[in-house]
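This report concerns only the one structure given below.
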Amino acid sequence: MGKTMRVAAAALFLTLVLSAESRAQQWFWGMEYMVSTPMSDTKEFANDFSWRNFGIQGRNLVKDNISVGLYFGWNVFAEKTDTLISFQGLDVSGVQYRYVNAFPIMATAHYYFGRRRGIRPFIGTGAGTYHSKYRLEIGQVAFEANQWHLGIAPEAGVIIPINWNARAMLNVRYNYGVKANGITLTYWTFGVGIGWM
């Protein structure tokens with residue numbers, strides 16, 4: 001987790017530096033709460049509709065309808081099961097608690113429709129990396145695996161004005177982490193958030 005926090009801190013520092021150098025351009029800062037559902041290998045490990053997800057982002061409006069920025073998230077899946085699983089070369093059976101923690105760290109680009117101060121549907125994508133932590137607990141024994149995935153996160157949503165500076169945001173995002181150590185990290189998130197211009 002220490003390396004993940006260092007990468008996130010460095011990216012946030014870079015964002016703040018770029019923000020200071022581009023005061024003529026407008027920034028949108030936001031945070032979001034999400035629900036998520038796993039797909040593919042992620043679903044096979046922890047088949048859980050998750051209520052524990054959070055994200056923060058900064059978007060720099062470089063043109064009236066185009067932004068670039070950074071996104072950081074935390075997505076958690078958990079499942080209690082007794083099905084047989086192969087994990088780190090071992091076949092494990094019995095009552096198990098399985099957890100996946102995924103931390104996307106993405107550079108983003110978005111395209112906006114509509115007027116600047118009105119309701120703005122958008123499409124976009126993130127590209128970067130996911131740090132994932134898999135944990136399997138059975139009785140008093142726990143196994144863990146940590147890995148990094150290169151990945152992308154296509155997204156669609158809408159930004160709705162609340163007042164002059166505040167905005168509500170709704171979005172759906174498909175998270176795809178390229179296969180690493182035989183595991184592909186994939187899941188959908190459905191978010192609601194608030195942001196400030």
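The values are calculated or read from the model by the stated rules, or taken from the named source; none is laboratory data. Keep in mind the model is a prediction, meaning the values are calculated, not measured. Every residue, glycine among them, receives a Cβ derived from its backbone with ideal geometry; neighbour counts consider all protein chains shown.
Things to note:
- When the strands (runs of 3 or more DSSP E) confined to the range 8-96 are screened for residues that are at pLDDT 90 or above, touching a strand residue (DSSP E or B) at 6+ places or on another chain (Cβ under 8 Å) and more than 16 Å from Ala107 (Cβ to Cβ), those reaching at least 1 such residues are found at 26-39, 50-63, 66-81.
- Filter result for Asn175 (free of Cβ contacts under 8 Å to residues at least 60 places away in the same chain and touching a strand residue (DSSP E or B) at 6+ places or on another chain (Cβ under 8 Å)): no
- Ala156 meets the conditions (1) at pLDDT 90 or above; (2) on the phi > 0 side of the Ramachandran plot in every case but one. The failed one is (2).
- Search result, residues across the range 161-177 that are loosely packed, with under 14 Cβ neighbours inside 10 Å and assigned to a strand (DSSP E or B): Ala166, Val172
- Residue that is surrounded by the most Cβ atoms within 10 Å (Cβ to Cβ) [pool: residues in the range 82-96 that are without any contact (Cβ under 8 Å) to a residue 24 or more places away in the chain and of a type in the set (S, T, N, Q)]: Thr83
- Any hit, the range 136-149, residues being modelled with pLDDT of 95 or more and either outside any strand (DSSP E or B) or in contact with a Gly (Cβ under 8 Å, 6 or more places away or on another chain) (or both): yes
- Among the numbered conditions (1) under 23 Å from Arg59 (Cα atoms); (2) surrounded by 18 or more Cβ atoms within 10 Å (Cβ to Cβ), the only one that Tyr99 does not meet is (1).
- Considering the conditions (1) part of a strand (DSSP E or B); (2) exposed (fewer than 15 other Cβ atoms within 10 Å of the Cβ), Gly114 is excluded by exactly one of them, (1).
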